[in-house]
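Below: one structure, written as structure tokens.
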Amino acid sequence: MAKETVFKERAQKVFASMKENGMDQLIVSDPASINYLMGRLMNPGERLMVLVFDVAAGKTELVISKLYPQGDNPIWPVTYVDDVDDCVAILSEKIAETGVIGIDKNWAAKFLLRLMELRPNLTYKNGSYIIDKIRQIKTNEEQEFMIEASRLNDLAVERLIKEVNKGYTEKELADKLLDIYHDLGSEGFSFYPICCYGANAADPHHSNDDSTGKSGDSVILDIGCLWNGYCSDMTRTVFLGSASEEQKKVYNIVKTANERAIAAVKPGVRFCDVDAAARDYITEQGYGPYFVHRTGHNIGQEVHEAGDVSSANTDVLKPGMTFSIEPGIYLTGNFGVRVEDLVLVTEDGCKVLNHFTKDLIEVPEE
């Protein structure tokens, strides 16, 4: 399908959702959402960049700094603003005096406050959910991109595990991973990887440092690459040398929790029910206090998209949704274990996108 057709179809979904939700206009400012709607990732920093959707006019228009030229054949009509312009005043000319307007929840206050000053009679609402809900359901093409990104990630983790016993620091191990991704033909990191040894693995979002591995360490490898602009994300925990009996016990609990959560995934089930499938099992085994984060997050063009697998999310699963299943147990000062796969909700269950083994791996010391 031609790219322009893809973006036009996505815009029609936006208009349909706006009508269903009684929204007359919508300002989209999130760079990832704009990329989703026009195929170009731009980060203008402090400068204005918005897509304006107008239901009555059936029109989509980009308002953006002159520093981001859109070429001769842009997907949407473009209005350029200069650094010395009152850019929101120019934007306001495209905004109705009355009605309901949706605003991205993270739009800079300096822009929103100025628009509210210029258009005081509008009803302002959070409009982020309009795009977020559309992005949650992946098309067949998007699904194929994510399947390929995960296939490359499986190959990458297999190669990375072979480097764990080479004496690399955590930072150096991450550098090796980038080389592997490039060698496999991916577009690089979907996020900066977490590669950590021993006690550092007990910190779920540890920042890689100059630590090296030692005998008996658990090694968490939380990694992801890009393919055609779509993200992969997976975690495997391996052990440098021989795993202790406690490490084996914890590993098997986390692995089983991962498998139970995956088994719970099907249309109509709530995200919180999937979380409970993992969390309740870990709690039954006596490690509930050490599972300190949600079970997963939605993923697509961004590694963390709107929606998560948590006790607070009562939304129901729908075919086409993609998210992670990543329970973990973290014993502060000792070691941590996390096992993560991506899943795609299908019509009658789910497809697991990662296929690299989850059997316990002990990497021989050199």
**OP:** Scan the range 103-114 and give yes if some residue there is in contact (Cβ under 8 Å) with a residue 60 or more places away in the chain, more than 26 Å from the chain's Cα centre (by Cα) and more than 24 Å from residue 142 (Cα to Cα), otherwise no.
**Re:** yes
**OP:** Please list, ordered by first then second residue, the pairs with beta carbon atoms under 8 Å, 6 or more apart or interchain, first in the range 236-254 and part of a helix (DSSP H, G or I), second of a type in the set (Lys, Arg) and buried (at least 22 other Cβ atoms within 10 Å of the Cβ).
**Re:** 254/338
Original post:
Quick one: would you say residue 95 is under 13 Å from residue 49 (Cβ atoms) and in the same structural domain as residue 124 (by TED's automatic domain parsing)?
Top reply: no
Original post:
Quick one: would you say residue 265 is in a strand (DSSP E or B), under 21 Å from the mean Cα position of the chain (by Cα), within 20 Å of residue 224 (Cβ to Cβ) and not hydroxyl-bearing (Ser, Thr, Tyr)?
Top reply: no
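Per-residue answers, yes or no, for (1) surrounded by 17 or more Cβ atoms within 10 Å (Cβ to Cβ); (2) modelled with pLDDT of 95 or more; (3) over 16 Å from residue 324 (Cβ atoms); (4) among the charged types (D, E, K, R):
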residue: 150; (1), (2), (3), (4): yes, yes, no, no
residue: 182; (1), (2), (3), (4): no, yes, yes, no
residue: 210; (1), (2), (3), (4): no, yes, yes, yes
residue: 213; (1), (2), (3), (4): yes, yes, yes, no
Original post:
Taking residue 50 and the conditions (1) outside any strand (DSSP E or B); (2) within 26 Å of the chain's Cα centre (by Cα); (3) modelled with pLDDT of 95 or more, which numbered condition does it fall short on, given that it satisfies the others?
Top reply: (1)
Subject >> Options 145, 191: the member that is over 17 Å from residue 237 (Cβ atoms), outside any helix (DSSP H, G or I) and within 20 Å of the chain's Cα centre (by Cα) >> reply: 191
**OP:** Mind listing whichever residues of the range 85-105 are farther than 17 Å from residue 130 by Cα, surrounded by 15 or more Cβ atoms within 10 Å (Cβ to Cβ) and of a type in the set (A, V, I, L, M)?
**Re:** 88, 90, 91, 95, 96
Original post:
Pairs, please: C-beta under 6 Å, at least 6 apart or cross-chain, first residue assigned by TED's automatic domain parsing to the domain that holds residue 351 and in the range 267-279, second assigned to a helix (DSSP H, G or I) and of a type in the set (Gly, Ala, Ser)?
Top reply: 274/261; 277/261; 278/257; 278/261
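The values are calculated or read from the model by the stated rules, or taken from the named source; none is laboratory data. Here the structure is a predicted model, which means the values were calculated and not measured. So basically every Cβ, Gly included, is an ideal-geometry build from the backbone, and we count neighbours across all protein chains shown.
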